[in-house]
Amino acid sequence: MGNREDLLRAARVCLQERGLDTTARDIASLAGVSLAAIGYHFRTKDELLAHAAAEAIGDALGSWIDQTLRSTPPDTSPGETFADFCGRLPDGFAAVRTHLLTSFEHLTRLVRAGDPAATMTPALRQTVEALTGILGDIHPHLPRPELDGLAHLYNTVINGMSIIWLASPGSVPAHATFQNAITALTRDRTDTPPVQSGM
């Protein structure tokens, strides 16, 4: 491995063992490189830790997302797949709670530093590309622009719901809520919704 990969590996280990108390010297020492290598490859320690946190959550939550989506029964519609996936997201978040917290803590630091895009844009692009590939496998009839749109929707909901889940788990929308939203979005203007019976 090169210095960059050594630093990322060391940063992930330090995050797991020391959390936000991790120092640049801790990382460099474990990686077997000089402190200057951090500045050369990542500019700052916080950018390196943000990359490492994004990798960690990407590996953990990404595997869950891949397995969950690929377990979708054949011929399930995109809308039903989306509603079912969203309903199951709390299970995925619970499995990576520590990674989520660390990721948000470092994102906050990057935002305060004034330039989060340099770190986050490549990570977000990679996530959307991975989602597009998975969705293309389970919905092969959809054209690429629609797959791209779906991937962006999934990514937005995953990130938004993770914040809600961390702050107030009981407020996370359930599967039925997402299903109702899909029904509303796909309803034709000429369709008449079922009449609700009175109490």
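The values are calculated or read from the model by the stated rules, or taken from the named source; none is laboratory data. Because the structure is predicted, anything quoted here is derived from the model rather than measured. Glycine gets a Cβ as well: all are built from the backbone with ideal geometry, and neighbour counts include every protein chain shown. Just the protein is used for accessible areas: all its heavy atoms, side chains included, with ligands, DNA and RNA removed. Shrake-Rupley method; radii C 1.70, N 1.55, O 1.52, S 1.80 Å.
Brief remarks follow.
- Flag if residue 94 is among the hydrophobic types (A, V, I, L, M, F, W, C), in a helix (DSSP H, G or I), within 22 Å of residue 122 (Cα to Cα) and open to solvent by 20 Å² or more (accessible area, probe 1.4 Å): no
- Selection of the stretch 7-51 for residues being basic (Lys, Arg) and either open to solvent by 60 Å² or more (accessible area, probe 1.4 Å) or modelled with pLDDT of 90 or more (or both) yields 9, 12, 18, 25, 43.
- Residue list for the stretch 15-50, restricted to those being touching a residue at least 40 places away in the same chain (Cβ under 8 Å) and β-branched (Val, Ile, Thr): 44
- All positions within the stretch 152-180 that are within 19 Å of residue 61 (Cβ to Cβ) and either open to solvent by less than 60 Å² (accessible area, probe 1.4 Å) or outside any helix (DSSP H, G or I) (or both): 154, 155, 157, 158, 160, 161, 162, 165, 166, 172, 173, 178
- Residue satisfying condition, being open to solvent by less than 80 Å² (accessible area, probe 1.4 Å), among the hydroxyl-bearing types (Ser, Thr, Tyr) and in contact (Cβ under 8 Å) with a residue 12 or more places away in the chain, within set 121, 132: 132
- Of the residues in the stretch 81-88, none is aliphatic (A, V, I, L, M), farther than 28 Å from residue 186 by Cβ and open to solvent by less than 40 Å² (accessible area, probe 1.4 Å).
- A search for C-beta distances below 7 Å between a residue of the stretch 161-173 that is under 12 Å from residue 92 (Cβ atoms) and any residue that is assigned to a helix (DSSP H, G or I) and among the aromatic types (Phe, Trp, Tyr), counting only pairs 6+ apart in sequence or on different chains, returns 162/93; 165/93; 172/165.
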